[in-house]
Protein chains: 2
Amino acid sequence: MAMKAIRVNEALNDAVPLRKPEMIHEAMRYSLLAGGKRVRPILCLAACELVGGEDTVAVPMACAVEMIHTMSLIHDDLPCMDNDDIRRGKPTNHKVFGEETAVLAGDALLSLAFEHLAVKTVNVSSNRVVRAIAELGSAVGSEGLVAGQIVDISSEGKRVNLSELEYIHVHKTAKLLEAAVVGGAIVGGGGGNEVERMRRYARCIGLLFQVVDDILDVTKSSEELGKTAGKDLATDKATYPKLMGLDKAKKFAGELVDKAMEELSYFDVARAAPLYHLANYIAYRQN
Amino acid sequence: MAMKAIRVNEALNDAVPLRKPEMIHEAMRYSLLAGGKRVRPILCLAACELVGGEDTVAVPMACAVEMIHTMSLIHDDLPCMDNDDIRRGKPTNHKVFGEETAVLAGDALLSLAFEHLAVKTVNVSSNRVVRAIAELGSAVGSEGLVAGQIVDISSEGKRVNLSELEYIHVHKTAKLLEAAVVGGAIVGGGGGNEVERMRRYARCIGLLFQVVDDILDVTKSSEELGKTAGKDLATDKATYPKLMGLDKAKKFAGELVDKAMEELSYFDVARAAPLYHLANYIAYRQN
């Protein structure tokens, strides 16, 4: 697992060399190489291996997903959005490079994700590359990540019920995780049934990821998290602990892990081990 | 030509239906369907036909290019960027929908461009679709449009020489036109030589487009242009008329048209007619 994270970091470092114009590449690298947990890329590589692919073929897909995740963080942190100053324990992108560069760095990463996937994926049929690109696009656009963000924004200060909250999280978080896992399975050569099973696994994990995030926000300090804690409460944002109570939110997280495990039981136990491990990691992480 | 523009408008309208969440789709449609000249999509379809393709196969590519062009305008107009209030004779996106929605509408259009190209291109080999996606990506990213914008921003208020100005325009404008033309030729089934000739044609046309834009900015009123005129002068921006003088800028525009025509002379005259016409249109347009 740690090995996979190192490979992903190396690949990301290579994917955005410090060429001219330097300012934009510095800004892109600053956020992309800021030491995230690389959960999405690792899931992508693990899904590829689960269906029998060499994990090298999924490295461009893994990088593409992380580029998109990074772009969403950069734009999310902008003054006109969440106006956040700290991210992963460091000043946010616009705090260091200015707002206009931060907007452009996000745009460049978003575009590079698709280009990188198209250009760097080798030993995979073009047909599968096109499918992976479509998968990635649907995770980001106005029925993916952006949909989640817009509904999230427009619901601030309003009463949000559980189904609206789930809509937000499915779109803001789960869809990109889904693209990572499904994309990994596609470039890995997975069959239709395998890909769909991976999709259901990813949906549980994606939602789980956000439920745990909400729980951590109310139970941990800023220092432990590497970002501003208690922010959801301060901004009166709807969260699982707020709507269900902390105990029920923890129980819900447990149910999601179980469902995810169930989907994995279809596959070879040894090959599925990393994905079992990742589900547990997401469920029980401390930051 | 007018027929092609109508088809592109219809295809764009279909590509972004008014589904939920409505706010983001309204914002996307507001700028995408604001009645641009559709020069890039028309060039794309014409390039496809020039190399012998049915123009229908290039419609998704044409739409993708226009989505990216629109996204660049929305982000460019943001308060932290050019801070523009009027675009195509209407209030800019953030003036109508707010800054956060404008950022997200741009992101959604950028992502949709790639997804649309991957999902909607039919009767073209996946291999060519992947090449077209790569072409589009390189036109947008940190060595394309974004590179042009970042250098443009960082040169404001500084003395810029002609080669720096050309760098800005090649990246801000010409690269996307190049992707439109080259992408059209790729999905249209063009051979290597044809694609490269189309690339050189596009480079002339792309630069021409910006030179003419600069000229119009100093010679026309806001009303005639449908956007704020004289803005380049007011913000002390480097332009061709400023660096060369208006007459030499006009002469330079003429040379670029001639070079573009030269590349077309390689092709069948009847088939190349729309591209001759477009070069003339770009050179002699009044807004």
Sole miss for B:Leu109 among (1) facing another protein chain (nearest Cβ under 8 Å); (2) open to solvent by less than 20 Å² (accessible area, probe 1.4 Å); (3) not acidic (Asp, Glu) is condition (1)
Consider region A:69-95. How many of its residues are among the charged types (D, E, K, R) and open to solvent by 50 Å² or more (accessible area, probe 1.4 Å)?
5
Flagged in region A:136-147 as more than 7 Å from chain B (Cβ to nearest Cβ) and open to solvent by 10 Å² or more (accessible area, probe 1.4 Å), in numbering order, are A:Glu143
If we keep only residues of region B:152-168 that are within 13 Å of chain A (Cβ to nearest Cβ) and under 18 Å from the mean Cα position of the chain (by Cα), then the residue most open to solvent (accessible area, probe 1.4 Å) is B:Tyr167
Checked region B:96-106 for anything surrounded by fewer than 24 Cβ atoms within 10 Å (Cβ to Cβ) and either under 20 Å from the mean Cα position of the chain (by Cα) or at the interface with another protein chain (Cβ under 7 Å from one of its Cβ atoms) (or both); matches are B:Glu99, B:Glu100
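Take B:Lys250 and tell me if it is basic (Lys, Arg), at pLDDT 85 or above and in contact with a helix residue (DSSP H, G or I) (Cβ under 8 Å, 6 or more places away or on another chain).
yes
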Collect the residues in region B:169-186 that are within 14 Å of chain A (Cβ to nearest Cβ) and either surrounded by fewer than 23 Cβ atoms within 10 Å (Cβ to Cβ) or of a type in the set (D, E, K, R) (or both), keeping them in residue-number order.
B:Val170, B:Lys172, B:Lys175
Restricting to region A:256-269, what's the tally of residues that are under 21 Å from the mean Cα position of the chain (by Cα) and without any contact (Cβ under 8 Å) to a residue 24 or more places away in the chain?
2
Go through region A:118-135 and count every residue that is within 8 Å of chain B (Cβ to nearest Cβ) and in contact with a Gly (Cβ under 8 Å, 6 or more places away or on another chain).
2
Contact list please: Cβ distance under 6 Å, first residue in region A:68-83 and within 8 Å of chain B (Cβ to nearest Cβ), second residue open to solvent by 30 Å² or more (accessible area, probe 1.4 Å), pairs at least six apart or on different chains.
A:Cys80/B:Glu99; A:Cys80/B:Glu100; A:Met81/B:Glu100
Condition (residue is assigned to a helix (DSSP H, G or I), over 24 Å from A:Gly137 (Cβ atoms), basic (Lys, Arg) and at pLDDT below 95) applied to region B:159-167: is it met by at least one residue?
no
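The values are calculated or read from the model by the stated rules, or taken from the named source; none is laboratory data. Just so it is clear, the model here is predicted, and its values are computed rather than measured. Note: ideal-geometry Cβ built from the backbone for every residue, glycine included; neighbour counts use all protein chains shown. For the accessible areas, the whole protein counts, side chains as well, though only heavy atoms, and no ligand, DNA or RNA atoms are used. Shrake-Rupley method; radii C 1.70, N 1.55, O 1.52, S 1.80 Å.
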